[in-house]
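The values are calculated or read from the model by the stated rules, or taken from the named source; none is laboratory data. Everything numeric in this text was worked out from a predicted model, so none of it was measured. Please note: Cβ atoms are built from the backbone with ideal geometry, for glycine as well, and neighbour counts cover all protein chains shown. Ligands, DNA and RNA are stripped out before the accessible areas are found, and what is left, the full protein with its side chains, is counted by its heavy atoms. Shrake-Rupley method; radii C 1.70, N 1.55, O 1.52, S 1.80 Å.
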4 protein chains.
Amino acid sequence: MDAKVYECVKEVFETNTPFSRNLGIKVLLDGSLNPYIRVERQDHLIGNYIQDILHGGVISSVLDIIGAIIAVDGVISRMKYDQRADIMKKFEKLGTIDMRVDYLRPGRGVSFIATGEAMRTGNKVSVVRTKLKNDENTLIAAGTGTYMVG
Amino acid sequence: MDAKVYECVKEVFETNTPFSRNLGIKVLLDGSLNPYIRVERQDHLIGNYIQDILHGGVISSVLDIIGAIIAVDGVISRMKYDQRADIMKKFEKLGTIDMRVDYLRPGRGVSFIATGEAMRTGNKVSVVRTKLKNDENTLIAAGTGTYMVG
Amino acid sequence: MDAKVYECVKEVFETNTPFSRNLGIKVLLDGSLNPYIRVERQDHLIGNYIQDILHGGVISSVLDIIGAIIAVDGVISRMKYDQRADIMKKFEKLGTIDMRVDYLRPGRGVSFIATGEAMRTGNKVSVVRTKLKNDENTLIAAGTGTYMVG
Amino acid sequence: MDAKVYECVKEVFETNTPFSRNLGIKVLLDGSLNPYIRVERQDHLIGNYIQDILHGGVISSVLDIIGAIIAVDGVISRMKYDQRADIMKKFEKLGTIDMRVDYLRPGRGVSFIATGEAMRTGNKVSVVRTKLKNDENTLIAAGTGTYMVG
């Protein structure tokens, strides 16, 4: 993900989306400049106080968001753009068509990382596989999302 | 859903689950005593300010919760129980295995209703199909969840 | 489904598709002219000889096909067409994007009926929920498919 | 996968399953002894003569089978067994609960390889992600299956 796109992604997915602020997600780039999301364990995201685990809805939300970011980045990286407006235009066309989430292990941890990998980048539709791991590198959930991108 | 189970459902899914309080869901019973969820449009649940629509993560969260309630009710309704503790024991075994969500139309509205129908009630695994509609009866999303129930 | 479309559907999905002939499916119309598929128990479709049940792959195949038929019919019914060629053009654009299948009960029976219901008919993407029942009206499987239609 | 299990897998999934013989699948082991499936392009598996591509139902069938093999192998590899009967007992408990398939690219090729990776190996339920590639290493489809294993 290049720097211009990253700036737009942070603005749209982190700052300007009320529910993202509710979740408190941070969009970050790893050493290969691939985007990932970091979310902290917070009281209002808990699904079960006794077990102290994230709610399933938080997990599916975060996987949906990282999938969307990877989907739109795949499309943008194949087009020529100079302007911020060109990037933003692609964001406006983005939407989740459907998603599957597999809840593999209890969402226990201090913080969580969501990553993804594009399976297909189309002109209209993209497919992204995603994962959520905790701070001990335990795989908590896996997802697959289909996104409208054009 | 009988009155004792409903009382437990409200306690567990509405009151005692922090993320449910974050979403502000209400679990209600319709005229046939089938459970459904009502959630209001609130600023912190919005995914897109310009379009003023619910975030996809809110939609998947609500569909997951109504599916879980219907799954656990199916199992409880097949067993004999007198005690609140018997009901609560079933709740402890409940967990979402996986879920699919289809985002059909923008989540626009003042309030939203989530309903569901059990496709299979097993001793170990149940499957529930769910729907989210807005206050104009527009179908916003459809889901299918597989739940561990025993 | 009108008569012209039905004729094309039979030709494409029953006669001209080798794997459909392998499965031996028949596309039929019910009293409301809604399409459904009938498939017979046949030795080469069995997944388990001892239990004498359909293979899961047969079930997912039949659900995929009825979903596709309903998806394409939804799009055609919204457009004006006189010519067979207009209908056939829509068939060429048809493709399954993704599908979920829930295997609810063993696929035991003499014959099976697959039906479906469109959740959304879009210009590009349609979503259809499907069901497979046996000749005793037992629900064997449920599916949801997302189809490219334009 | 150890040699005893592989022998049972070949017997059950290749030889004794009528629909597997219909598809003509071969279960093989790679250099790390991980199982995979090979299936050849055959006329009766074609979904579209003009495009000469595999039917989607063939793709979902093959992904379901490799997922099931990996799921059952995961469970067997964690238990002690001496006898063929112990292995076979696990096979009898195996069943697909649900599956998602993403059809990423047309199923064009001379032969196809299906592989998979367990996301979770449970005592009751396992989750496996699968892929189908053609002989040019093009990713044709991706799947996720949830399997009853105990």
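Report, in degrees rounded to the nearest 10, the 0 to 90 angle that the Cα long axis of helix B:84-93 makes with the longest principal axis of chain B.
60
Excluding A:R41 itself, what net charge comes from residues whose Cβ is under 11 Å from its Cβ, given Lys and Arg +1 and Asp and Glu -1? Kindly include the intermediate steps, with their values, before the conclusion.
Numbers: positive: A:R108; negative: A:E40, A:D43, A:D52, A:D135.
Neighbour charge sum, excluding A:R41 itself: -3.
Between region B:6-48 and region A:36-69, how many Å separate their Cα centres?
18
Relative contact order of region A:75-150, please, whole-number percent, based on alpha carbon pairs below 8 angstrom and at least 6 residues apart. Let's see the in-between values first.
Details: 142 pairs, mean separation 27.4, N = 76.
Averaging sequence separation for qualifying contacts and normalising by length gives 36 percent for region A:75-150.
Which log10 I(q)/I(0) values does region C:66-150 give at q = 0.12, 0.15, 0.21 Å⁻¹ under the Debye formula, counting every alpha carbon as one identical point scatterer?
-0.40, -0.58, -0.89
Quick one: compute the contact order of region B:1-106, relative version, from alpha carbon pairs under 8 angstrom and 6+ residues apart, as a percent. Don't skip to the end; give the middle numbers.
Working: 86 pairs, mean separation 24.7, N = 106.
Computed value for region B:1-106: 23 percent relative contact order.
What is the spread of the Cα atoms of region B:13-53 along each of their three principal axes, largest first, in whole Å?
Taking the Cα atoms of region B:13-53, the three principal extents are 38, 24, 9 Å.
Which three extents, in angstrom, do the Cα atoms of chain D have along their principal axes, listed largest first?
Principal-axis extents of the Cα atoms in chain D, largest first: 51, 28, 26 Å.
What percent do you get for the relative contact order of region D:1-48 when only Cα pairs under 8 Å and 6+ apart count?
That works out to 28 percent.
Just give the residues from region C:7-26 buried by at least 30 square angstrom of accessible area in the all-chains context relative to the isolated chain, probe 1.4 Å, and say none if nothing qualifies.
Residues of region C:7-26 that lose at least 30 Å² of accessible area once the other chains are added: C:T17, C:P18, C:F19, C:N22.
Run lengths n ≥ 4 of DSSP H only: what is the helix-derived mean residue ellipticity at 222 nm for the protein assembly as shown, with -39500 (n - 2.57) per run over all residues, to the nearest 500?
Only helices count here, giving -9000 deg cm²/dmol.
How much of the calculated P(r) for region A:1-71 lies past 18 Å, in percent of all Cα pairs?
The proportion of pairs with Cα distances above 18 Å equals 39 percent.
At a probe radius of 1.4 Å, figure out the D/C buried accessible area, summed over both chains, and give it in Å² to the nearest 100.
Chain pair D/C: roughly 2200 Å² of buried accessible area.
Would you mind counting up the charge near A:R108? Only other residues with Cβ under 14 Å from its Cβ, with Lys and Arg at +1 and Asp and Glu at -1.
-1
Please calculate the 1.4 Å probe accessible area of C:T138, with all protein chains present, and give it to the nearest 10 Å².
The accessible area of C:T138 comes to roughly 50 Å².
Summarise the accessible area of region A:1-131 (1.4 Å probe, protein heavy atoms) by the percent that is carbon and sulfur.
Working: 2720 of 5480 Å².
The value for region A:1-131 is 50 percent carbon and sulfur by accessible area.
In region A:100-134, which residues give up 50 Å² or more of accessible area once the other protein chains are added, compared with their chain alone (1.4 Å probe)?
At a threshold of 50 Å² (probe 1.4 Å), the residues of region A:100-134 that become less exposed are A:R100, A:Y103, A:L104, A:M119, A:R120, A:K124, A:R129.
Any chance you could give the angle, 0 to 90 degrees and rounded to 10, that helix B:56-76 forms with the longest Cα principal axis of chain B?
So the helix axis and the longest Cα principal axis differ by about 20 degrees.
Quick check: net charge around B:T138, other residues with Cβ under 15 Å of its Cβ, Lys/Arg +1 and Asp/Glu -1? Before the final figure, lay out each step's value.
Working: positive: B:R41, B:R105, B:R108, B:K131, B:K133, C:R120; negative: B:D52, B:D102, B:D135, B:E136.
Counting the neighbours of B:T138, the net charge comes to +2.
Ignoring ligands, DNA and RNA, what accessible area per residue does region A:1-120 give at 1.4 Å, in Å²?
With all protein chains present, region A:1-120 gives 43 Å² per residue.
What is the total of Lys pairs in chain B with C-alpha atoms under 22 Å apart, excluding same-chain pairs fewer than 8 positions apart?
Number of lysine pairs found: 22.
Determine Rg/Rh for region D:23-106; Rg is computed over alpha-carbon atoms and Rh is the Kirkwood hydrodynamic estimate from the same atoms. Walk me through the numbers on the way to the answer.
Numbers: Rg = 15.6 Å, Rh = 14.9 Å.
When Rh is taken as the Kirkwood radius, the ratio is 1.05.
How are the Cα pair distances of the protein assembly as shown distributed, in percent, across 10 Å bins from 0?
It works out to 3, 17, 28, 28, 18, 6, 0, in whole percents.
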